[in-house]
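Every number in this text was worked out from the coordinates using simple rules, so none of it is lab data. Not measured: the values here are computed from a predicted model. In this analysis, Cβ positions are derived from the backbone assuming ideal geometry, glycine residues included, and neighbour counts consider all displayed protein chains.
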Amino acid sequence: NAGVTQTPKFRVLKTGQSMTLLCAQDMNHEYMYWYRQDPGMGLRLIHYSVGEGTTAKGEVPDGYNVSRLKKQNFLLGLESAAPSQTSVYFCASSYRQTANYGYTFGSGTRLTVV
Amino acid sequence: KQEVTQIPAALSVPEGENLVLNCSFTDSAIYNLQWFRQDPGKGLTSLLLIQSSQREQTSGRLNASLDKSSGRSTLYIAASQPGDSATYLCAVRSNNAGNNRKLIWGLGTSLAVNP
């Protein structure tokens, strides 16, 4: 019963470096999301996906790209990291538009860009 | 535009007290409302989910109510324990199909239960 697994858990990047955060879920959820959490600003949606092969922009998509080549995986990429991208990143998943079910979150990735 | 507000932002209580956390939202057209718990440096754990057609949900010492007409939800914690210390987040899933029914988040209530 792994749920939502995020890797890595911690990362330090230098400005301009690139990296990919991986999110994997084993619940056969259609929807997947990437959020960032910053003090005093709450959770903000970066990108989301409503199914394999689809992605869409959230509230704060600039500087990030995503891909969902397989239903169970949702990747978040930073092509050229900036200090403003220092944050805690959470992945979540859910069934499609079903009132009976909520969101399941991963444990987060703490990213520092220096 | 849906906005979610949580009051108070922080709360400190002695162990054993019953307490209420508040969540208000501006648009009553919601799909569901979910309460989460977040421990420092950790991820989010889902506590309770209330469908738009429901009035309340209960799990152990937790009870969440929903009043769509007034745009309010409350999370009631009975007989609080130090282990309940965490940040509690309220999230509303919009019923607006144009938003793909995305979650709108409150900023949370930071709870400290003192022994």
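Assorted remarks:
- Hits among lysines - C-alpha to C-alpha of A:K9 under 20 Å, sequence gap 8 or more where chains match: B:K42
- Under a Gaussian network description of chain A, with springs only between Cα atoms under 10 Å, the residue in A:G40, A:G77, A:G102 that fluctuates furthest is A:G40.
- Euclidean distance of C-alpha centroids, the stretch A:1-80 and the stretch B:1-46, integer Å: 24 Å
- The relative contact order of the stretch A:2-114, computed from alpha carbon pairs under 8 Å that lie at least 6 residues apart in sequence, is 36 percent.
- Cross-link partners for A:K14 among the aspartates and glutamates, with Cα-Cα distance under 13 Å and sequence neighbours closer than 8 places in the same chain left out: A:E79.
- Projected label distance in nm at B:D67 and A:F10, using a 7 Å step from Cα toward the beta-carbon: 4.6 nm
- In summary, the aspartates and glutamates within cross-link reach of B:K1, defined as a Cα separation below 17 angstrom excluding same-chain residues under 8 places away, comprise A:E59, B:D27.
- Antiparallel content of DSSP bridges confined to the stretch A:11-114, in %, to 5: 90 percent
- Amide hydrogen proximity for A:G58: with H placed 1.01 Å from N in the peptide plane, the residues at 5 or more positions away or on another chain lying under 5 Å are A:H47, A:Y48.
- Residues whose placed amide H lies under 5 Å from that of B:L47, excluding near-sequence neighbours: B:W35, B:F36, B:R37
- Assigned charges on the beta-carbon of Lys, Arg, Asp, Glu; the stretch B:37-91 dipole about Cα centre (debye): 80 debye
- Listed peptides B:31-41, B:84-94 appear in the order B:84-94, B:31-41 once ranked by packing, highest mean of other Cβ atoms within 10 Å at the front.
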